[in-house]
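Down below is the structure, laid out as structure tokens.
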Amino acid sequence: MKNASYCMMIAGIIVLVIAFSTTGHLNSVNPVDSHPWTININGIRSFAWPEFCGGLLIVLGGIFNIATWHQKKYRMH
């Protein structure tokens, strides 16, 4: 499981580097509200899925890595 967590973190870093170097920013302005947030004009392409997936892989790899740490066994009083 330790090797799988390292592979997930490395894959997440690779996905993030590729996503940040190839995808652009969402620059559309919301016509409904008075704030300049982006809206879902283009459907699924309006969300930064590659960046999200890369970050998710890094976090899951870290969680799996922490879950495999060995705890010292001690007696509770």
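Filtered by the rule that a residue be at pLDDT below 65 and of a type in the set (S, T, Y), region 1-41 gives S28, S34, T38.
Of the residues I63, I44, the single one that is in a helix (DSSP H, G or I), modelled with pLDDT of 75 or more and either more than 10 Å from the chain's Cα centre (by Cα) or closer than 12 Å to M8 by Cβ (or both) is I63.
The values are calculated or read from the model by the stated rules, or taken from the named source; none is laboratory data. Computed from a predicted model, the values in this text were never measured in an experiment. Positions of Cβ are generated from backbone atoms using ideal geometry, with glycine treated the same way; all protein chains shown enter the neighbour counts.
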